[in-house]
1. Look through 25, 32 and report the one residue that is closer than 21 Å to residue 124 by Cα, assigned to a loop (DSSP other than H, G, I, E, B) and touching a Ser or Thr at 6+ places or on another chain (Cβ under 6 Å).
2. Among the residues of the range 77-86, is there at least one that is over 33 Å from the mean Cα position of the chain (by Cα), under 17 Å from residue 123 (Cα atoms) and not hydrophobic (A, V, I, L, M, F, W, C)?
3. Mind counting the residues in the range 41-57 that are of a type in the set (A, V, I, L, M) and crowded, with 19+ Cβ neighbours inside 10 Å?
4. Among the residues of the range 254-276, which ones are open to solvent by 10 Å² or more (accessible area, probe 1.4 Å) and out of contact with any Lys or Arg (no Cβ under 6 Å at 6 or more places or on another chain)?
5. Across the range 65-100, what is the total count of residues that are charged (D, E, K, R), open to solvent by 20 Å² or more (accessible area, probe 1.4 Å) and out of contact with any Lys or Arg (no Cβ under 6 Å at 6 or more places or on another chain)?
6. In the range 337-354, which residue that is touching a residue at least 40 places away in the same chain (Cβ under 8 Å) and in a strand (DSSP E or B) is least open to solvent (accessible area, probe 1.4 Å)?
Amino acid sequence: MIEIVTEVDLFHPPARIWRALTERALLAKWFADSAPGSDRWILATAALPGYDGDTEVETVELRAPDRLVVRCREAGRATRLACDLTPTAHGTRLSVREVLEEGDWDADARAEQHEQAVTGRLPAILDWLAFQNVDLRRAEGGLTAELPVVRLLGDDQRRPGRRRVLLAAGAVTLIAAAAGATVWATAGEPPAPAAPAPTTSLVMPSSAAPSVRPTTARPTPSASRRSASPSPTPSPTPSRTPSPTPSTVVVAPLSATYETVTDRVFGYRGEVVLRNPGPAPRPTWTVTVTLHDGATVGSVSGAEATQDGPVVTFTGSALAGGESATIRFDVRDPDPSHNAPTACTTENTPCTPA
């Protein structure tokens, strides 16, 4: 039997850590998204290191805010994971212990995954929760500090040769500004904001008849006299040029889908796919996305973007008939429970889920 144990000391009370362990919106920010359920639910762990697929989770023991025990089944293996919270003089000691019960796994990769989640992303969420209830009268600081110890234990814990220390990390401190924590999960500076693009109202009817130039009858001049006869040759009946047959151009409304492709601690990456189902090209197009209050758009690909308050307007050049355009954009949002905009439309038509 192999078990992985991760312990971390946090400057946060047990109740706050318990929220991060059990509330779905918070759990998705520092670990993985989950499908709703009561005693059983699904964790989206397929893309995480140390996992080969999504994990089915069953609650074994739930004693708030001290102990949470679950049984996990994923890719032919079963494990038992226990989280214990113990109050300390400066906060809480969190102990996460996972034991392999069936199958096999890469213990080193799983231990690394534990370390990244518990000593990296979890403290950022706890700091954000703490800043929601800041007491400015408090003299002592409330910064996050971790003293993680991750170890891999073999079958015989009494034999020194079977015990490996995987990690002994020093203290990690995350310092936030007085206005609140603004942690961005990806590296790199955001590009300079794009120059505002003029917004053009595009109104096109379902069919347009071309204008027809009126035709004027032109009489033929009278024939020259052949003799001194006073009777002139009568003028021919004037003819009228036939009018051109109007052509009809069908302009189909654009459609769009939205998907959150990446969920981060304080933000996400969104993707809008815009489609022109009709045969006629669209010279310009507009997609409007409404963010939550305080959120800002960062890097954008596939369109020009301008932001006015929570409203972000994406514009692009011609879109041929039957073609599509893909817009990807990064959003910084100070609320970790937000992972998508509040609205998405194109030409007043709501975007549909991808």
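The values are calculated or read from the model by the stated rules, or taken from the named source; none is laboratory data. Just so it is clear, the structure is predicted and the values come from calculations on it, not from any experiment. Note: ideal-geometry Cβ built from the backbone for every residue, glycine included; neighbour counts use all protein chains shown. Ligands, DNA and RNA are excluded from the accessible area calculation, which covers all protein heavy atoms including side chains. Shrake-Rupley method; radii C 1.70, N 1.55, O 1.52, S 1.80 Å.
1. On the way: 25 fails: assigned to a loop (DSSP other than H, G, I, E, B).
After ruling out the rest, the residue left standing is 32.
2. Among the residues of the range 77-86, at least one is over 33 Å from the mean Cα position of the chain (by Cα), under 17 Å from residue 123 (Cα atoms) and not hydrophobic (A, V, I, L, M, F, W, C), which makes the answer yes.
3. Matching residues across the range 41-57 total 2.
4. Passing the criteria: 257, 258, 259, 260, 263, 264, 269, 273, 275.
5. Here the count works out to 6.
6. Filtering first and then ranking leaves 346.
Residue-by-condition table, conditions (1) in a strand (DSSP E or B); (2) among the polar types (S, T, N, Q); (3) modelled with pLDDT of 60 or more:
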residue: 231; (1), (2), (3): no, yes, no
residue: 247; (1), (2), (3): no, yes, no
residue: 257; (1), (2), (3): yes, yes, yes
residue: 269; (1), (2), (3): yes, no, yes
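Residue by residue, here is whether (1) open to solvent by 20 Å² or more (accessible area, probe 1.4 Å); (2) modelled with pLDDT of 85 or more holds:
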| residue | (1), (2) |
| --- | --- |
| 4 | no, yes |
| 7 | yes, yes |
| 11 | yes, yes |
| 16 | yes, yes |
| 20 | no, yes |
| 39 | yes, no |
